[in-house]
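Comments concern the structure below.
Since every read-out is calculated from the coordinates, none of them should be taken as a lab result. Remember, predicted model here, so these are calculated numbers, not experimental data. Counting neighbours? That spans all protein chains shown, and the Cβs are built from the backbone with ideal geometry, glycine included.
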Amino acid sequence: MSSNVPEVTDATFDADVLQSTKPVVVDFWAEWCGPCRMVAPEIEKLAAKYQGVVEVRKLDVDANPHTAMHYGIMSIPTVAMFAPGQPPRAAVGFRPAEALEEAFGLAAYADGAGTGTATEAASEAGAPTES
């Protein structure tokens, strides 16, 4: 699967995703998964639109089963957002880029170009936040 979206692995997930100071959208996929091939261009759109504000990565669940199992990824494609200070949120199945943007409240991050915190951006997007 060729892509401009960088891959993460079991070995790099903590550093690349969990320790990121920016929100990270991760596409959990596998080569044999037909719907995953449909999601890939949508993930590319998000990566281009939110470049520098939201990190976008992909993780091959067959090559990296530990991370997929740790987060309970039972169906693919699953796209998950990991934002600093927030629990991960996931969207299972094919969704167009616009639906993923809405599900994760990504517009709030683009508007401020990263000027606020993840909690502020999530709050502005109407997402529940922990107090």
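If you rank T78, T9, T21 by fewest surrounding Cβ atoms within 10 Å, what's the result?
Neighbour counts put them in this order, fewest first: T21, T9, T78.
E98 label point, 7 Å along Cα→Cβ, cut-off 20 Å on backbone N: hits in segment 36-66?
Backbone N within reach: 38-51.
Pop out the Kirkwood hydrodynamic radius of segment 13-124 from its pairwise C-alpha distances, inverse of mean 1/r, in Å to one decimal.
In segment 13-124 this quantity evaluates to 14.0 Å.
Taking the Cβ of R57 as the centre, find all other residues whose Cβ is under 10 Å away and add up their charges (Lys, Arg: +1; Asp, Glu: -1).
-3
Report, by chain and number, residues whose modeled amide H sits under 5 Å from the one on R57, excluding near sequence neighbours (fewer than 5 apart, same chain).
V25, V26, D27
Stretch A48-L18 to full length: gain in nm at 0.36 nm per residue minus the Cα-Cα span?
8.7 nm
Principal axes first, then extents: for the Cα atoms of segment 20-77, list largest minus smallest coordinate on each axis, whole Å, largest first.
Extents along the principal axes, in whole Å: 29, 25, 15.
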